[in-house]
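Here, each number is a calculation from the coordinates, and none is a lab measurement. For clarity, every value in this text was computed on a predicted model and none was experimentally measured. In this analysis, Cβ positions are derived from the backbone assuming ideal geometry, glycine residues included, and neighbour counts consider all displayed protein chains.
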Amino acid sequence: MPLPTVAIVGRPNVGKSTLFNRLVGKRIALVDDRPGVTRDRREGDATLLGMDFRVFDTAGFEDEDPASLPGRMRRQTEAAVREADVALFLIDAREGVTPLDEEIANWLRAEDAPVIVAANKAEGRQGEAGRMEAYALGLGEPIAISAEHGEGVVDLFESLRPFLEREEVEPEPEEDLESNDRPLHIAVVGRPNAGKSTLVNKMLGEERMITGPEAGITRDSIALDWQWASPDGTVREVRLVDTAGLRKRAKVDDKLERLSAADTRRSIDMAEVVVLLLDATRGLEAQDLRIADEVVDEGRCLLIALNKWDVAEHASSLFNGVKAALEEGLSQLKGVPVLTVSAKTGKGIDQILKAAFELRASWNRRVTTGELNRWFERAVENNPPPAPGGKRIKLRYITQIKSRPPTFVVFGSRVDQLPESYRRYLLNSMRRDLELGPVPLRMSMRSPKNPFDR
Ligand code: GDP
């Protein structure tokens, strides 16, 4: 499925090339631009706030004989518009609407193609008059942008979005699908005597580990790689990273393990999923909550495993007690999975690994810009942001800038006054509505200044 396309049209010197360069960024170097070749157009892959499309401009008239200009321009403009999903018609906001602009508008209207009018060079306030003037072109509501200074990008995005967002054109990025096939980096942390060594040994001794563990010991880390044959029949790669249990095996530590904060931090750093092992005969303690907090702070997936389940008493009230204490103590992330395990018998190990792979898949998740913004519009409509001092905070658009963990940026005006509670509302409803799972999510707010920048 080819990308949707945008044609930038307009008379010479309105800033078509500048906008083209902004949208295409560095990849411009790939475009054929040999000297001596008269180019009618340049074409490239563009990104705007996470939305991908093809763009071409119709530059190349600047040196032409003025007498033949309109005829050639007309042919080119019409051809471009027929090929594109939408035409972006640039005028110069500082010069206002010229007779040639009016003529181009006539061609565009005759083509009956979707057109967005953008008054360019509208930096600061001076462009507003030009934008207002552009209404007279009869092509809908003009937007004000500055290609040079990267202003107006949210408006540009919002105008283009309806024309460019066909569901099929936004496949989940492949890198994230691939990351689900890479070895799962998992660490086991917990207080001394929680059973970490026992668990690690049991994991390695299980017949499910169909290849023998291979230890990789580097200067400051220890990792064991193996393949796990899951009960559903798939074979998956696991890398157990730097855990106390491994350190003991490798005789790096002395016999008596101290719970060193630095060790725990290092394990968390290296892992995608951190299993916090608790001793079920002792329950959840303040120190465990601190580790849990740290895992979430670092943006890693957290999974709680209640060990020694074979000897646990009052199992269900213990289980519920731990869950409740987590919900209360771990305010930043609700619904962390709590599993039970016996490192001694091996019961529950498969479930831990299965849950860990699921968590990582959520952590790798990319939500398409379309899905994200449809959810966003509803969420903002259902619960509009407050209006401190009587002036409403405007939230306009959201984009996912990365995964591992899923990280989002919300664009709007006066976002510095948005209360933390509103950000939480967005995060919670996003997690629920988009089924993002109990993994850490990040969200920041930005008032766009130069959002063309990647
Ligand atoms: P670590 O300090 O976290 O590595 O803990 P160890 O693996 O050394 O285990 C501490 C103690 O708990 C040992 O005496 C283990 O035999 C015991 N233990 C570990 N896991 C289990 C379990 O699942 N069930 C029972 N009953 N005992 C366990």
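A few points about this structure:
- Potential lengthening between Ser429 and Asn13 on full extension [0.36 nm per residue; Cα-Cα distance subtracted]: 145.2 nm
- In terms of Cα atoms, the Rg and Dmax of the range 369-446 work out to 12.0, 38 Å.
- Binned Cα-Cα distances of the range 262-418, short to long, each 5 Å bin given as a whole percent: 2, 8, 14, 15, 16, 13, 10, 9, 7, 4, 2, 1, 0
- Each residue of the range 277-292 was assigned a 3J(HN,Hα) from its phi angle through the Karplus curve 6.51 cos²θ - 1.76 cosθ + 1.60 (θ = phi - 60°); the sequence is 8, 10, 7, 5, 7, 10, x, 8, 10, 4, 4, 4, 5, 5, 5, 4 Hz, with glycine and proline shown as x.
- Cα-Cα over 27 Å, subset of Lys334/Lys354; Lys323/Lys354; Lys323/Lys347; Lys202/Lys402: Lys202/Lys402
- Here Ala315 and Asp181 are evaluated by their C-beta separation; at R0 = 41 Å the FRET efficiency comes out at 0.70.
- The C-alpha atoms of the range 75-166 occupy a region whose extents along the principal axes are 34, 33, 20 Å, arranged from largest to smallest.
- For peptides 187-197, 411-421, 292-302, 134-144, sequence by mean Cβ density within 10 Å, most packed first: 187-197, 292-302, 134-144, 411-421
- Computed FRET value (nearest 0.05) for Ala79 with Arg161, which takes r as the C-beta separation and R₀ as 22 Å: 0.35
- Whole-Hz ³J(HN,Hα) from phi, Karplus 6.51 cos²θ - 1.76 cosθ + 1.60, for the range 357-368, glycine and proline x: 5, 5, 4, 5, 4, 5, 5, 7, 5, 10, 9, 5
- Every Cα-Cα pair of the range 286-357 was included, and the share exceeding 20 Å stands at 32 percent.
- With 0.36 nm allotted per residue and the present C-alpha distance subtracted, the Ser421-Arg290 stretch has 44.9 nm of extension available.
- Built amide H within the under 5 Å cut-off of Ala118, gap 5+: Phe89, Leu90, Ile91, Ile143
- Radius 13 Å from Cβ of Pro337, net charge of other residues (Lys, Arg +1; Asp, Glu -1): +2
- Long-range amide H partners of Phe408 with built H, under 5 Å: Ile401, Arg442, Met443, Ser444
- Proximity of backbone amide H atoms, modeled 1.01 Å from N, is registered between Arg42 and Asp57, Ala59 at under 5 Å, excluding neighbours fewer than 5 places apart on the same chain.
- On the basis of the beta-carbon distance and an R0 of 30 Å, Arg404 and His149 show a calculated FRET efficiency of 0.40.
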